[in-house]
Amino acid sequence: MVAEQAKIAVPATAPSPQPSPSRGEGAGLFSIPVRIYYEDTDVGGVVYYANYLRFLERARTDWLRAAGFELDVIQRDMKAVFVVRRVEADYHSPALLGNMITVTAEPTEVGASKLVIRQRVLRADELLLSATVTLAFIASDLSGPIRMPPTLRAAMKSTILPIA
């Protein structure tokens, strides 16, 4: 029986998607590729609306990692965490099962304990979602906002794109 089993064509495994920081002189539009899997969609193959928040979170986490900061290290060494305070999102067009999308993270404001990031989800050049996410930098014991260390704040500020 084993010899009679049908041969199934298995596509070559693609490498894991890697973040693609697009860095110009002192600027920081950052993006990651995301493939849409069945687990991301409803029965009709359309991405469930709340899953876009997961994609945005991944891009922000990878943006921070590319800047040299790991969330677990911030929590352990700085005794702080980033929490989402506000999300404003506009859905323009749906992502579909099998799509390869790009999720961007572009900081627009860095305060003492506040970070505002503009994010987009694109399929090629088509805008699927645009969002503005406001994060607060708070003590890891959840006692309230604290000031970001100067090194963290400076690294984030260095990625803000200049206004053209």
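Close contacts from segment 48-70, counting a first residue that is surrounded by fewer than 16 Cβ atoms within 10 Å (Cβ to Cβ) and a second that is in a helix (DSSP H, G or I) and of a type in the set (Lys, Arg), with Cβ to Cβ under 7 Å and a gap of 6+ residues or different chains, come to none at all.
The residues of segment 94-112 that are open to solvent by 50 Å² or more (accessible area, probe 1.4 Å) and not β-branched (Val, Ile, Thr), listed by number, are Pro94, Leu96, Leu97, Met100, Glu109. All of (1) more than 22 Å from Leu53 (Cβ to Cβ); (2) open to solvent by less than 30 Å² (accessible area, probe 1.4 Å); (3) not acidic (Asp, Glu) hold for Arg147 with one exception: (2).
Checking each residue in segment 64-85 for being basic (Lys, Arg) and within 14 Å of Ser113 (Cα to Cα) picks out Lys79, Arg85. Checking segment 138-155 against the condition returns no match, with no residue being touching a Leu at 6+ places or on another chain (Cβ under 7 Å) and not β-branched (Val, Ile, Thr).
Out of all the residues in segment 71-93, which are in a helix (DSSP H, G or I) and either under 15 Å from the mean Cα position of the chain (by Cα) or exposed (fewer than 12 other Cβ atoms within 10 Å of the Cβ) (or both)?
Leu71, Asp72, Val73, Arg76, Asp77 - these are the residues of segment 71-93 that are in a helix (DSSP H, G or I) and either under 15 Å from the mean Cα position of the chain (by Cα) or exposed (fewer than 12 other Cβ atoms within 10 Å of the Cβ) (or both).
Of all residues in segment 113-142, those satisfying the criterion of being open to solvent by 30 Å² or more (accessible area, probe 1.4 Å) and either within 13 Å of Val83 (Cβ to Cβ) or outside any strand (DSSP E or B) (or both) are Ser113, Lys114, Ala124, Asp125, Ser140, Asp141, Leu142.
How many residues are under 15 Å from Ser130 (Cβ atoms) and touching a Ser or Thr at 6+ places or on another chain (Cβ under 7 Å) if we restrict to segment 52-88? Looking only at that region, the number is 3. Scanning segment 125-157 for residues that are among the charged types (D, E, K, R) and closer than 22 Å to Phe30 by Cα, we see that the one that is modelled with the lowest pLDDT is Lys157. Here Val87 does not qualify as closer than 22 Å to Glu70 by Cβ and of a type in the set (Val, Ile, Thr).
The values are calculated or read from the model by the stated rules, or taken from the named source; none is laboratory data. Bear in mind that the values here come from a model prediction, so they are computed numbers and not experimental data. Positions of Cβ are generated from backbone atoms using ideal geometry, with glycine treated the same way; all protein chains shown enter the neighbour counts. Please note that ligands, DNA and RNA were not included when accessible areas were found on the heavy atoms of the full protein model with its side chains. Shrake-Rupley method; radii C 1.70, N 1.55, O 1.52, S 1.80 Å.
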